[in-house]
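One structure is given below, encoded as structure tokens.
The values are calculated or read from the model by the stated rules, or taken from the named source; none is laboratory data. Remember, it's a predicted structure, so these values are computed and weren't measured experimentally. Quick reminder, even Gly has a Cβ in these numbers, built from the backbone with ideal geometry, and neighbours come from all protein chains shown. Accessible surface areas use protein heavy atoms only, side chains included; no ligands, DNA or RNA. Shrake-Rupley method; radii C 1.70, N 1.55, O 1.52, S 1.80 Å.
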Amino acid sequence: MTEMTTTLIGSGAAKATEQEAVRVSQEAAGDAEYTFSVEGLDLFYDQTQALKNINMNIEKNHITALIGPSGCGKSTFLKTLNRMNDWVEGCRVTGKIQFEGKDIFKEVDPLALRYRVGMVFQQPTPFPKSIFENVAYGPRIQGISNKKELAEIVEQSLRQAVIWDELKDRLNESALGLSGGQQQRLCIARTLAARPSVILMDEPTSALDPISTQKIEDLALELKKDYTIVIVTHSMQQARRISDKTAFFLLGELIEFNDTVDMFTQPSNAQTEAYITGRFG
Ligand SMILES: Nc1ncnc2c1ncn2[C@@H]1O[C@H](COP(=O)(O)OP(=O)(O)OP(=O)(O)O)[C@@H](O)[C@H]1O
């Protein structure tokens, strides 16, 4: 079992070391059966236990949806997968999480982990920079300075996020001038530019209109061919439409984890059934 008292780790790491860590972790991706294997995970915010004995395998090139009522631990679980909770004072984790076969608390550099396991938030979070610089940011930090190479990465990432045609003539404009839906797809492009293998999405469409929501859902379905996606959603319909597996959390416990089709047609737990049929939440 791993005990981790969280601190801000690695923020001053030298660029060369960081690049090396990313390279090693990309090479080490290997043939692990699951993208993540979570065993006996407990998480505490000071004295409050937010996650209780979570055991879950997250499959490669699948979309896994995390559902459950407010405060049940979905975002906490998501952020534990790339050690973003390291930044929360008083947060303490026990248990084991393997990413591509390696223990994230013992064998993986946290900075490299966050490049390989990217995150998209509820509110789009573009930097107050140009569209181009938003996407080029990650590669630049990783040490890529060649203009042609950066331009190629930016174009490829915007194409993957299905927003190249909309933005290709506006690359030098501020990202803050884009609509909310465009900003969210730009943030996905920015995540992709750092060459992750996993994209964590924390309610990525809850601030968006239905048309932008559909674009993000279509994008997620397209991206799962190349990436593993874990998404927190309050929308049962969204979980049904796009996810392969669904995990139902309640009061910090993983109540049920199953194929989405089975979960929504024949839930094996009475609390799952009550939640997905709208009897509480
Ligand atoms: N930084 C923090 N410090 C202390 N407690 C926290 C922190 N973040 C979350 N919590 C607590 O942990 C529990 C789980 O919160 P979490 O945000 O993971 O739930 P959630 O299921 O994602 O909720 P929501 O659907 O409302 O976003 C809650 O009781 C919350 O108050």
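Points worth noting:
- For the chain: accessible area per residue (Å², 1.4 Å): 46 Å²
- Modelled this way, with points 7 Å down the Cα-to-C-beta line, the labels at Lys225 and Ile144 are 2.0 nm from one another.
- Within the chain, longest stretch clear of exposed trypsin sites (Lys or Arg not before Pro) (DSSP loop, no more than 10 other Cβ within 10 Å): 107-224
- Where only DSSP H runs of four or more residues are counted, the chain gives -11000 deg cm²/dmol as its mean residue ellipticity at 222 nm, each run worth -39500 (n - 2.57).
- Averaging 1/r across all pairs of distinct Cα atoms in the chain and inverting the result yields a Kirkwood radius of 19.4 Å.
- At q = 0.28 Å⁻¹, base-10 log of I(q)/I(0) for the stretch 142-188 (Debye sum, equal scatterers on each alpha carbon): -1.11
- Applying 1/(1 + (r/R0)^6) with r as the Cβ-Cβ distance of Asp103 and Tyr137 and R0 = 30 angstrom yields a FRET efficiency of 0.55.
- Under Karplus coefficients 6.51, -1.76 and 1.60, residue-wise ³J(HN,Hα) of the stretch 100-115 in Hz, glycine/proline x: 6, x, 10, 5, 5, 8, 10, 10, 10, 5, x, 5, 4, 4, 6, 6
- Scanning residues 5 or more positions from Thr228 or on other chains, those with amide H under 5 Å from its amide H are Asn61, Val198, Ile199, with H placed 1.01 Å from N in the peptide plane.
- Taking the average, over residues, of other Cβ atoms within 10 Å as the packing measure, peptides 227-237, 196-206 rank 196-206, 227-237 from highest down.
- Each DSSP beta bridge with both residues in the chain is either parallel or antiparallel, and the antiparallel ones are about 60%.
- 3J(HN,Hα) from dihedral phi, the stretch 63-79, Karplus parametrisation 6.51/-1.76/1.60, rounded to Hz, x for glycine, proline: 9, 10, 9, 10, 10, x, x, 3, x, 8, x, 4, 5, 4, 4, 4, 6
- The longest stretch of the chain left intact once loop-based GluC sites (Glu not before Pro) with at most 13 other Cβ atoms within 10 Å are removed from consideration, loops following DSSP, is 174-281.
- In order along the stretch 240-247, the phi-based Karplus estimate (6.51 cos²θ - 1.76 cosθ + 1.60, θ = phi - 60°) of 3J(HN,Hα) comes to 5, 5, 10, 8, 8, 10, 10, 10 Hz; Gly and Pro are listed as x.
- Normalised by 2.2 N^0.38 Å, where N is the number of residues, the C-alpha radius of gyration of the stretch 73-203 stands at 1.12.
- The chain, accessible surface, carbon-and-sulfur percent (1.4 angstrom probe): 48 percent
- Taking all Cα pairs closer than 8 Å and separated by 6 or more residues, the relative contact order of the stretch 25-148 comes to 28 percent.
- What separates the Cα centres of the stretch 61-102 and the stretch 155-192 is a distance of 27 Å.
- Paramagnetic label reach from Glu89 (point 7 Å along Cα→Cβ; backbone nitrogen cut-off under 15 Å): within the stretch 32-56, residues 45-47.
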